[in-house]
Amino acid sequence: MSLVTDLCGEYPDSFIKLDISNNPNYVFENDSSYSMRALFDLEGNKVFVNSFVECEHYVSGGWGFSPDIMNEIFFQDILFYGILLLLFLSFFKSKLKFIQKLWN
Amino acid sequence: MELKHIFKAFLIVLLLTLPWFNSQLDNGVAAAKVSQENVQFYEINPCKASLFDFLKANSESIYQDHFKFRFDNKSSIKCFGRVTGVTVSTSNLTTAFYISLGTNSFINLLFQGFIWIILFSFIPKNKDQNNKKIELRLHNLTLVLVSYLFTFSIYSESKFYEKNFYIFDFYDIDSYIPIFFSFLLLLKIFVESFTERSDVVINYLPYLFLFSALFSGFNINFLSMLFIYFGIQSLFFSKDSTLLNKTFNKVFLILSIWWIFNSTGSYSFNLTKFRGFSSSIYEFNANLFWVIYFFLLLKGIQFIYINLKEKFNIDSFTQNLSITSSALLLISYIGSNFPIINFFNYYFLGLQRLGVELQNPFLFDEYSVKIAWRGISPSAETIGEFYGICLIFLLFNIVKTQKLNFLKITGTLSSALGLYFSDNRTVIVLVFSIIIIYLFLLNNEFQFKKKFIGSFLIFFLFLSLILLTVGSSNFTLSYQFVSESLIRKANDYQFDSIYSSYLTLLNNNFENSTFYSYFFSFFSSIAYFLNRSEMWGVFFSRYNPTFMEFLFGSGPLNFGQLYGEVVINKTEYCILTTKFICTETFLLPHSSFLSYLLFFGIVPLTLLVLTFLLFLYKNRKNYQFVLISTYLFINIFKNDSLNYFTPFCFYAFIMLILNSRFRSKKFY
């Protein structure tokens, strides 16, 4: 799943990507069927979006999860790579002499 | 002490302490002291102060019992080891502080797993490492299969895990990948560590009662991963393909298909103390997991037993029973007096629930009835059974060796004290009876007259003990009263016009005075004297099987259907401390026999009982085996023992080992 679908939900069938960045006067229209979501930037600033188009635009521009969730994802990634490294070492410990020495 | 052991001990100390120093308080800011009026600091600063910061500011929380440390598995990784909140609760003029500690489930999996592996590595390795005692086939494939199975369990019980995981998308397969690899890593190291220690490991079985090894926030027992691994291994070997095994596999397969496709509903079950050995939901996927789990667990136990039975050393086993009973009592007592130690016991020993908070194990209520004290065990009765076993084995050992040493004395004293604290009166009666019978049977060359006097004395003592336990007043009640106690209780709990199928059957039989009603009346009288009328009555008011479910059950280790299908009146559980305190509960069956009737149905259960009787008959010359088997059977009948992972595996192993190795001869 992409970050957009994670944060904004599934792409609507009728979705067409507009070139909003080059149109400074563009006004996002509220979608009454879309539940409001909060997006955050790296500094923790918050913005509420009221349509998929608006949400997709912000997420493409670097807005995302709250800092807490970003932190969690970051830590989970670190742990995951740590696990992979340990798994690699445990499977190849017989090939790596210094690991074998430490293991035994 | 070897350098390696010192390094390991240092690593353990580091692992045990380091996470609780994880603080994010700004420089110069110290954690605040909590008071009844003010816990503001912790409301403003959740996940900032470490446990160490909190203890530094509130040093009295280490020993004062109104501080209660609780785990918060749904906290973030960043919050691990930090105080996520403090709440104040006031009732009956006493104030209690509940300190919530961040224990992220994902970290728990790795952290607890590694600690248990390091502790396990203290068991001495085999002297000859080249001569592998357990041959492993398709090792890596098995590791992957077991890891996949346990990862699937998280998917199948997602409703339970939703309450325990901080961020986890249960519908996204990518979320499961780190969990899968975590299982793979832990299992790989654990299995390899186990095989390197296979010479002695079977004698360390008693330690199962000390280390429940349950991951906090998971419905998974760490040790079960090993059994499941060997369960799969056993399928790759032809060693155990006897006719009996083949038949068992086929019958289990047929029953499994029935159980899985019969699980059409969706009923949740609040696991409480059955966590780690029961399904949290009765659903297709969950039932599929627990059916496979139970089958592989049995195969795993059998595989380990077949491969390691020759390594069983009864003296070493008894010595470990002694050490475990002393350690259990000591740890339990310290835990009950120091709230923080109670929390650490829960976390590092992997307990089903927090240890008891009642500081004085000698306490009686206002009616002079002993208050059961369970220590760190999930149930007072179960731990009473364990202490009873310790006493029986120690008795056999002391009589055989005619020697006493410090370990045996402390083991005996701890077990006797622990048994008294647990207030398991059935076990007290059984242990006394076994001691008396054993001492009489010791001399095989009895004269007839001596035998007669002996038998009379045994009968008299046994009767006195039963009278003491059950209470003489209960024997003055009419048979009709006691024989209808179960059905009366079952009907008391029946709600509105909703009747469970089994209660309807019972009522019809009693109305028509059929043969079955006489049989059930007898069962009811036993229940009455065992003080089980209420618990078993509740079971029958809930038990709602179809005809096929009555015959073959609804699947192993799943209470969901029982507790979700039929609505009954509110059940209350009252405990006597200084006065009656009643709380609403769902009252567990308190009989492994009834639980297994629900799981497997009457046909397999009858076969199991017959097999047990056959075991007894084959071992009739070995009265030590007969005594222990009878002891276990009675306890299983009146307690939930087999619904806990530890007693299930422990009893299975000792029955298998004692039956095969010591048939027709004393094992002491």
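The values are calculated or read from the model by the stated rules, or taken from the named source; none is laboratory data. Bear in mind the structure is a predicted one, so any value in this text is a computation, not a measurement. Cβ placement follows ideal geometry from the backbone for every residue including glycine, while neighbour counts extend to all protein chains displayed.
Look through region A:29-44, keep the residues that are farther than 12 Å from A:G9 by Cα, of a type outside the set (D, E, K, R) and out of contact with any strand residue (DSSP E or B) (no Cβ under 9 Å at 6 or more places or on another chain), and return whichever of them is nearest to the other protein chains (Cβ to nearest Cβ).
Among residues in region A:29-44 that are farther than 12 Å from A:G9 by Cα, of a type outside the set (D, E, K, R) and out of contact with any strand residue (DSSP E or B) (no Cβ under 9 Å at 6 or more places or on another chain), the one nearest to the other protein chains (Cβ to nearest Cβ) is A:G44.
Residues checked against (1) surrounded by fewer than 16 Cβ atoms within 10 Å (Cβ to Cβ); (2) modelled with pLDDT under 90:
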{"position": "B:L101", "(1), (2)": "no, no"}
{"position": "B:N108", "(1), (2)": "no, no"}
{"position": "B:N130", "(1), (2)": "yes, yes"}
{"position": "B:L143", "(1), (2)": "no, no"}
{"position": "B:S156", "(1), (2)": "no, no"}
{"position": "B:F168", "(1), (2)": "no, yes"}
{"position": "B:Y171", "(1), (2)": "yes, yes"}
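Yes or no: B:F236 in contact with a Lys or Arg (Cβ under 9 Å, 6 or more places away or on another chain) and not hydroxyl-bearing (S, T, Y)?
Spelling it out, B:F236 is indeed in contact with a Lys or Arg (Cβ under 9 Å, 6 or more places away or on another chain) and not hydroxyl-bearing (S, T, Y).
Among the residues of region B:275-287, are any in the same structural domain as B:F194 (by TED's automatic domain parsing), within 19 Å of B:P647 (Cα to Cα) and touching an Asp or Glu at 6+ places or on another chain (Cβ under 8 Å)?
Yes.
Restricting to region B:164-195, name every residue that is at the interface with chain A (Cβ under 7 Å from one of its Cβ atoms), more than 14 Å from B:F150 (Cα to Cα) and of a type in the set (F, W, Y).
B:Y166
Could you identify the single residue in A:I83, A:I73 that is within 14 Å of another protein chain (Cβ to nearest Cβ), touching a Ser or Thr at 6+ places or on another chain (Cβ under 7 Å) and closer than 26 Å to B:Y176 by Cα?
So the residue among A:I83, A:I73 that is within 14 Å of another protein chain (Cβ to nearest Cβ), touching a Ser or Thr at 6+ places or on another chain (Cβ under 7 Å) and closer than 26 Å to B:Y176 by Cα is A:I83.
Name the residue, out of B:I331, B:I314, that is crowded, with 18+ Cβ neighbours inside 10 Å, aliphatic (A, V, I, L, M) and closer than 14 Å to B:N203 by Cβ.
B:I314
Return the residue satisfying two criteria in turn: it lies in region A:23-46 and is closer than 30 Å to B:F80 by Cβ and of a type outside the set (K, R), and of such residues it is surrounded by the fewest Cβ atoms within 10 Å (Cβ to Cβ).
A:E43
Can you give me the number of residues within region B:39-60 that are under 10 Å from B:V83 (Cα atoms), aromatic (F, W, Y) and out of contact with any helix residue (DSSP H, G or I) (no Cβ under 6 Å at 6 or more places or on another chain)?
2
Report every pair of residues separated by at least 6 positions or lying on different chains whose Cβ atoms are under 7 Å apart, first residue within region B:192-221 and outside the structural domain of B:T324 (by TED's automatic domain parsing) and closer than 19 Å to B:S325 by Cβ, second assigned to a loop (DSSP other than H, G, I, E, B) and of a type in the set (S, T, N, Q).
Listed by first residue and then by second, the contacts come to B:N203/B:N313; B:S212/B:Q352.
If B:S153 meets every condition in (1) under 23 Å from the mean Cα position of the chain (by Cα); (2) closer than 25 Å to B:L15 by Cβ apart from one, which number is that one?
(2)
Only one of A:K101, A:K93 is within 14 Å of chain B (Cβ to nearest Cβ), surrounded by 15 or more Cβ atoms within 10 Å (Cβ to Cβ), over 24 Å from A:V27 (Cα atoms) and modelled with pLDDT under 85; which?
Exactly one residue qualifies, and that residue is A:K93.
Is it fair to say B:L119 is touching a residue at least 40 places away in the same chain (Cβ under 8 Å), in the same structural domain as B:Y204 (by TED's automatic domain parsing) and surrounded by 16 or more Cβ atoms within 10 Å (Cβ to Cβ)?
Considered against the rule, which asks whether it is touching a residue at least 40 places away in the same chain (Cβ under 8 Å), in the same structural domain as B:Y204 (by TED's automatic domain parsing) and surrounded by 16 or more Cβ atoms within 10 Å (Cβ to Cβ), B:L119 comes out as yes.
Could we say that B:D65 is surrounded by 22 or more Cβ atoms within 10 Å (Cβ to Cβ) and acidic (D, E) here?
no
Is it true that some residue in region B:77-94 is of a type in the set (G, A, S), touching a strand residue (DSSP E or B) at 6+ places or on another chain (Cβ under 9 Å) and either farther than 26 Å from B:S212 by Cα or modelled with pLDDT of 95 or more (or both)?
Yes, region B:77-94 has at least one match.
Enumerate the strands (runs of 3 or more DSSP E) found wholly within region B:43-123, keeping only those where 3 or more residues are in contact with an Asp or Glu (Cβ under 7 Å, 6 or more places away or on another chain) and more than 14 Å from chain A (Cβ to nearest Cβ).
So the answer is none; nothing clears 3.
This table checks each residue for (1) at pLDDT below 90; (2) touching a helix residue (DSSP H, G or I) at 6+ places or on another chain (Cβ under 9 Å); (3) surrounded by fewer than 19 Cβ atoms within 10 Å (Cβ to Cβ); (4) basic (K, R).
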| site | (1), (2), (3), (4) |
| --- | --- |
| B:L351 | no, yes, no, no |
| B:V356 | no, yes, no, no |
| B:F362 | no, yes, yes, no |
| B:D365 | yes, no, yes, no |
| B:I376 | no, yes, no, no |
| B:Y387 | no, yes, no, no |
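Collect the residues in region A:1-28 that are more than 14 Å from every other protein chain (Cβ to nearest Cβ) and in contact with an Asp or Glu (Cβ under 7 Å, 6 or more places away or on another chain), keeping them in residue-number order.
A:V4, A:C8, A:F28
Check region A:48-59 and report whether any residue there is away from chain B (no Cβ under 14 Å) and part of a loop (DSSP other than H, G, I, E, B).
yes
Got a sec? Which helices (runs of 4 or more DSSP H) wholly within region B:159-277 have at least 1 residues that are farther than 30 Å from B:E565 by Cβ and under 17 Å from the mean Cα position of the chain (by Cα)?
B:222-236
Using the structure shown, decide if B:F150 is at pLDDT 95 or above and within 30 Å of B:N342 (Cβ to Cβ).
In short, yes.
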